[in-house]
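Quick notes on the structure that follows.
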Amino acid sequence: MTVLPAPALEWASGATTMTEVLAAADRLRLEGDRTAARATVVNLLVVTRSPEATTAAEWALADMGGHHPGRVILVEVDPGRGDTMAAEVQVRRAEADGHCVWWDTVCLHVGQRAADHLDAFVEPLLLHDLHVAAWYPDGVPEAAAVPAAVEQLIVEPRVAPAPPPPGTGDVRGTAAALTELARHRLVTDLAWLRVLPWRSALARLFDDQGTAALLGRPLEVRVRVAGEPWPAALLASWAAAAVGAGHPSLAPAEHLRLELDLGQDQVVVEKSGDGRVTARVRGAVATASLGGDLLVAALERHQRDRAYEEAVARVAAGAALT
Amino acid sequence: MAEATDNPVAAGLDRGRQAPPVALVVFGASGDLTHRKLLPALAELARRHQLGDAFTVVGVARSDMSDDSFRQLAVEAAHEAGPEWEQAVKGFRYVTGDYGEAATFDRLAQVLGEVDSERGTGGYRVYYLATIPDQFGPVAGHLGEHGLSRPAEGSFCRLVVEKPFGRDLDSSAALDAQLHAAFDEDQIYRIDHYLGKETVQNVLALRFANAIFEPVWNRRYVDSVQVTVAESLGVGHRGGFYETAGALRDIVQNHVMQILGLTLLEPPATVDAQGIRDEKVKVLRAVEVMTPDEVPNAVVRGQYDRGWVEGEEVPGYREEEGVAPDSQTETFVAMRLVVDNWRWAGVPVYVRTGKRLPKRVTEVAMTFHRVPHLPFASSLSRDLAPNALVVRVQPDEGVTFCFGAKVPGPGFKVRTVSMDFSYGAAFLENPPDSYERLLLDAMVGDPTLFIRTDEVEQSWRIVQPILEAWGDGATPLHRYAAGSWGPRESHRLLEAAGRRWRRP
């Protein structure tokens, strides 16, 4: 897809009120090729803080509704906007095998003052009886800023490579913030889903009894990092705990690579260039396919992930990384 | 009045319902209710040819107005006045006068005589009290004293009364006595516009036209019932009136009790006025009356503070026009009711209503028991909600059913899916406004959707002890931020039983 699909129906206003937005949303649901009965499964709130993040989110959401039909509420916060709100209400559709799935998207462009009272904008738009998830593509939000109705928080922490310049996030601080958020609601970390193929490949490698025998020896875990350190920190923290190793270490590299140093043997888990992740040791090979749409996968996760929470807790405690 | 069966050409034709040649006398003709609801509803009936050629409105109010001015007001009140309405309006009349003065009714009697003669209304009268409640009794009394409440031979006289029907049990009984001094009970049509809504009536269709629902509509399958009547608006300019009412009187005593009655009643032998109303009274009689000690634990009252609603910052109740700065009037009520009969014993009925809540919505939800055993691994179905059948009264009238379905894919996860039936999208016809239905019912003489005196009495019987307990200061007034779902205490009402309020 090189062009964002146009909505089937749209209403827009450069200066509007929630009353008008709600009326437009109700009206568009009745117009067009809609059936009287529709199935819905989720409300997805997306909060962005830049046009770039908004555009990226729109691309990520382009097909999402076909897998999880419901309502998407996209709120773009522009601190310089003032009190004037702009909005678009869209009816979107995805088609496969000759049948269509429809969903609604409501886009609100608001200033900081409105963002400080996000509940008042979001709550009236929520479809009843449905799970409420919120995705913050720009990073980890403050707990107090998340609307009360949100049951699942989908995040992808943005952490600057160490050492952090002043004012940017750091791995331990991010972990602490996520631990606080997870106290009150389900947290789904896209970075954790991103490293799932590495975890899956490693797990499959040790399904074999021969390779499983390698465990139990003193191990050292290293994760080589390219770009974002947060997925690497999670992977390292998890891997060290999973194999009973000491503190893992991070080192720069051209791509994400997990290494387990077993003395005479070394396990390596990395992308193998064929759309898969491969784990190898002593000639044994195990693979896992790279995940599909992370957002679609995230919306299917409705229960707490203990392995994730423990990995985050270790990072927060500072015990995970050297 | 010629019946359709007298016309051989009409034999076999289903011509729908049409009002007889009636004079509709509207007291409060220059008021808000008449302008916003009654006249537009009548215009729509005219457009659908459901008003006869002789149909006439006679407006009565203190505002000084001529017949022509009233006709102009009637045309302007209709959203899109068509030729049928413009034609009908030509015969409308207006009487200026004080409701407490006999001269007003002398003049009214004269005008009605002229209308009978000129328009052919033949003594058929419907009197609509769209006035303030204090005027209900006096107007009815004057109608009686002037002989206007007794129909001429072969005609009818009916009295339509808007809520509130009194402020408490005693005043309700007193009002009834005043009305009954002039009118028989079968002449009195107490209106609750919620009963005219398509979806409220659809509760009956849902229950009794479908074999699959009635067998589970009881305590064996239903875990709890929740009724929510939420408004996002505040009191606006009606603060002075609201100070004398509050949420319990304004909403619970009437709308909520009617919705509950239809939802919880036993199947009637016939869906007619007597059948439905008898069953409603029976179920209201089964609602346990709270003792003073029970009220603080079963009822939460609240009042909104400043906050944000639908994207706007709004003032608190005590800052509203006409409201005392130390007002103790509740703008929110939540309660737990017990219906002690065979069908509903042990099923809690939770009710909440309030102003300045996050959105405008009215719904009644039946939440069913969870399955006794889930054969799926708990990790695959942990988020599964119990089945729920929800009737949405407003907005977006319709019915929703929530059930568990497999998530598409190679695994086996189960999640909750919401299936929505929306009236607005299902049919080309727009559901008629409730006043269209109710006005026509009053004119053709169908009281099914109107409230009988014993229903009013039972509703007050349930509410009265709560009012008395509040008067004794037994229940604190909890403040809540405008835009929230009410005071925290209202959530504890359900959490104590392991439940929680729905997010409607």
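Only the coordinates and a few stated rules stand behind these numbers; no lab work does. All of these numbers come straight from a predicted model, not from anything done at the bench. Virtual Cβ from ideal backbone geometry, glycine too; neighbours counted across all protein chains shown.
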- Query: In terms of modelled amide H atoms, which long-range or inter-chain residues lie less than 5 Å from the amide H of residue A:72?
  - Reply: A:44, A:104, A:105, A:106
- Cut-off under 5 Å, modelled amide H: who pairs with residue A:139 long-range: A:156
- Under a 5 Å amide H to amide H cut-off, with H placed in plane at 1.01 Å, what residues pair with residue A:131 once short-range neighbours are removed? A:43
- Query: By counting other Cβ atoms within 10 Å of each Cβ, how are A:13, B:117 ranked from fewest to most?
  - Reply: B:117, A:13
- Query: Quick one: of the DSSP bridges fully inside chain A, what percent are antiparallel, nearest 5?
  - Reply: 55
- The base-10 log of I(q)/I(0) that the Debye equation returns for the range B:394-485 at q = 0.10, 0.18, 0.22 Å⁻¹, one scatterer per C-alpha, is -0.69, -1.02, -1.07
- Message: Taking 51 Å as R0, compute the FRET efficiency from the Cβ-Cβ separation of residue B:180 and residue A:27 and round it to 0.05.
- Response: 0.65
- Of the listed peptides B:100-108, B:195-203, B:68-76, A:83-91, what is their order by residue-averaged count of other C-beta atoms within 10 Å, with the highest listed first? B:195-203, A:83-91, B:68-76, B:100-108
- Message: Shape verdict for the range B:271-396, please, from the Cα gyration tensor: rounded (a/c under 1.5), prolate (a/b greater than b/c) or oblate.
- Response: oblate
- Task: Please give the FRET efficiency for residue A:55 paired with residue B:328, using the beta carbon to beta carbon distance and R0 = 60 Å, rounded to the nearest 0.05.
- Result: 0.70
- Message: Suppose every Lys and Arg Cβ carries +1 and every Asp and Glu Cβ carries -1, with no other charges. What dipole size does the range A:1-136 come out with about its Cα centre, to the nearest 20 debye?
- Response: 100
- What list of ³J(HN,Hα) couplings, whole Hz, do you get for the range A:142-155 from phi and the Karplus terms 6.51, -1.76, 1.60, once you set θ to phi - 60° and write x for glycine and proline? 5, 4, 5, 7, 7, x, 4, 6, 5, 9, 10, 10, 10, 10
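I need the calculated FRET efficiency for the pair residue B:101 and residue B:321, taking r as the beta carbon distance and R₀ as 22 Å, to the nearest 0.05.
0.10
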- Counting other chain Cβ atoms within 10 Å of each Cβ in B:412-423 and taking the mean gives 5
- Provide the gained length on full extension for the span residue B:297 to residue B:152, in nm with one decimal, where the gain is 0.36 nm per separating residue minus the Cα-Cα distance. 46.8 nm
- So what is the 222 nm mean residue ellipticity for chain B from helices alone, if each DSSP H run of at least 4 adds -39500 (n - 2.57) and you divide by all residues, rounding to the nearest 500 deg cm²/dmol? -9000 deg cm²/dmol
- Message: Whole percent per 5 Å bin, from 0 to the bin with the longest distance: what is P(r) over all C-alpha pairs of the range B:77-117?
- Response: 6, 19, 20, 16, 14, 15, 8, 2
- Note on the structure: chain A, Gaussian network, Cα under 10 Å: of A:95, A:220, A:309, the residue fluctuating most is A:95
- Task: Place a label point 7 angstrom from the Cα of residue B:132 along the Cα-to-Cβ direction, then list the residues of the range B:243-258 whose backbone nitrogen is under 13 Å away.
- Result: B:243-245
- List, in order, the whole-Hz ³J(HN,Hα) value for each residue of the range B:320-330 obtained from phi through the Karplus relation with A = 6.51, B = -1.76, C = 1.60 and θ = phi - 60°; use x for Gly and Pro. 6, 4, x, 9, 5, x, 10, 4, 10, 6, 7
- Message: Which one, A:230, A:59, A:102, has the greatest fluctuation when you compute a Gaussian network model over chain A with C-alpha springs under 10 angstrom?
- Response: A:59
- Label-to-label distance, nm, for residues given as residue B:237 and residue A:306 (7 Å Cα→Cβ offset): 6.3
- Note on the structure: Here the percent of antiparallel bridges among DSSP beta bridges lying wholly in the protein assembly as shown, to the nearest 5, is 55
- Task: With viscosity set to 1.306 mPa s and temperature to 10 °C, compute the Stokes-Einstein D of the range A:207-260, Rh being the Kirkwood radius across alpha carbon pairs; µm²/s, no decimals.
- Result: 138
- Item | Helix-only mean residue ellipticity at 222 nm for chain A, each DSSP H run of n ≥ 4 adding -39500 (n - 2.57), per residue, nearest 500 | -8500 deg cm²/dmol
- Message: Can you tell me what percent of all Cα-Cα pairs in the range B:27-165 are more than 28 Å apart?
- Response: 12
- Query: Where both partners of a DSSP beta bridge lie in chain B, what percent of those bridges are antiparallel, to the nearest 5?
  - Reply: 55
- Query: Distance in nm between label sites at residue A:83 and residue A:10, each 7 Å beyond Cα in the beta-carbon direction?
  - Reply: 2.9
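Relative to the Cα centre, what is the charge dipole magnitude of the range B:11-157, using +1 at the beta carbon of each Lys and Arg, -1 at the beta carbon of each Asp and Glu, and rounding to the nearest 20 debye?
For this selection, approximately 400 debye.
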- Decide, for the range A:221-322, between rounded, prolate and oblate: order the square roots of the alpha carbon gyration tensor eigenvalues as a ≥ b ≥ c, take rounded if a/c falls under 1.5, and otherwise choose prolate if a/b is larger than b/c, else oblate. oblate
- Message: Taking beta carbons within 10 Å but only from partner chains, what does the mean come to for residues A:109-120?
- Response: 3
- Message: Principal axis extents for chain A, Cα atoms only, whole Å, descending order, please.
- Response: 68, 49, 34
- Item | At q = 0.19, 0.21 Å⁻¹, base-10 log of I(q)/I(0) for the range A:51-144 (Debye sum, equal scatterers on each alpha carbon) | -1.00, -1.19
- Compactness of the range A:169-209 - radius of gyration and Dmax, Cα, Å: 14.2, 42
- Task: With only alpha-carbon atoms counted, please give the Rg and Dmax of the protein assembly as shown, in Å.
- Result: 32.4, 114
- Normalised per residue, the volume inside the convex hull of the alpha-carbon atoms of the range B:203-255 in Å³ amounts to 119
- Query: So how far, in whole Å, is the C-alpha centre of the range B:452-504 from the one of the range B:92-117?
  - Reply: 44
- By the C-alpha gyration tensor axes a ≥ b ≥ c (rounded if a/c is under 1.5, else prolate when a/b exceeds b/c, else oblate), the shape of the range B:116-175 is prolate
- Item | Derived scalar couplings ³J(HN,Hα) [the range B:474-488; Karplus, 6.51 cos²θ - 1.76 cosθ + 1.60; whole Hz; x for Gly, Pro] | 6, 10, x, 9, 9, 7, 9, 6, 3, x, 9, 8, x, x, 4
- Item | the range B:80-184, dipole about Cα centre (Lys/Arg Cβ +1, Asp/Glu Cβ -1), debye to the nearest 20 | 140
- Task: Work out the charge dipole of chain B with +1 on the Cβ of Lys and Arg and -1 on the Cβ of Asp and Glu about the Cα centre, then indicate which of B:131, B:105, B:154 is farthest towards its positive end.
- Result: B:131
- Message: Past 27 Å, Cα to Cα: identify those pairs from B:163/B:197; B:37/B:359; B:90/B:197, in the order given.
- Response: B:90/B:197
- Item | Global size of chain B as Cα Rg and Dmax, reported in angstrom | 24.4, 82
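Find out how many positive minus negative residues lie around residue B:443, taking Lys and Arg as positive, Asp and Glu as negative, among other residues whose Cβ is under 12 Å from that of residue B:443.
Taking every other residue near residue B:443 into account, the sum is +1.
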